[in-house]
Amino acid sequence: MFLKPDYNLKNIYEINLEELKSLGIKNLLFDLDSTLMASKSGFYAEKTLNWLEQVKKDFSIAVISNNHNEKYIEKVKAVSDFPLVFCAKKPDTKVTKEFMQSCNMKSEETAFIGDRPLTDVLCGKKLGCTTILVDSISADIEKPIVRLARKLERCCIR
């Protein structure tokens, strides 16, 4: 099925970076909210910051987010030291494709990582990237209705 990710993992920390390198992946594009940070929090957990430092040793990384809240965007920019793309309108690929072209990123060398099949995985698939679906980085504190919505959304990828 078109929405089935190449990898379906519990969280970003389960990503096998060595395997991705062996596949020729050089670039990692991440969704932001619920993938790298708790939704709308505006900060990275210490564990995530440490993990990202390791990732940056072998990969170019960037965030591709649909968020368009200017105050939130400024908050995230203040705590990020890698490229951030907001108002991406995923699963539409136009904004992401333009960013990739500006950075000379090739789809076959890029993995798209996110927590939503209908935005992140679909966008990555349409771009021709390797796709990695992860559960929310803050799954343990999400409201039951959010967990139910995530479960229902994932029904379309099995």
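The values are calculated or read from the model by the stated rules, or taken from the named source; none is laboratory data. Keep in mind it's a predicted model, so treat the numbers as computed, not measured. For neighbour counting, all protein chains shown are included, and Cβ atoms are generated from backbone atoms with ideal geometry for every residue, glycine included. Just so you know, the surface numbers come from the protein's heavy atoms only, side chains and all, with ligands and any DNA or RNA stripped out. Shrake-Rupley method; radii C 1.70, N 1.55, O 1.52, S 1.80 Å.
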Highest-first arrangement of 24-37, 71-84, 50-63, 103-116, where packing means the average Cβ count within 10 Å: 24-37, 103-116, 50-63, 71-84
Radius, Kirkwood style, for segment 21-99 when every pair of distinct Cα atoms is counted (Å): 13.2
Label point distance in nm, Val79-Leu49, each placed 7 Å from Cα along Cα→Cβ: 0.9
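Return one whole number: the accessible area per residue of segment 22-105 in Å², for a 1.4 Å probe. Don't jump to the answer; show the numbers that get you there.
Numbers: 4430 Å² over 84 residues.
Accessible area per residue, segment 22-105: 53 Å².
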Largest to smallest principal axis extent of the C-alpha atoms in segment 1-147, angstrom: 35, 30, 28
Size of charge dipole - segment 8-68 - debye, nearest 20, with Cβ of Lys, Arg +1 and Asp, Glu -1, no other charges: 80
Listed pairs Lys4/Lys126; Lys21/Lys89; Lys26/Lys56 exceeding 20 Å between Cα atoms: Lys21/Lys89
Fraction of the pair-distance distribution of segment 61-104 above 13 Å, Cα-Cα pairs, percent: 54
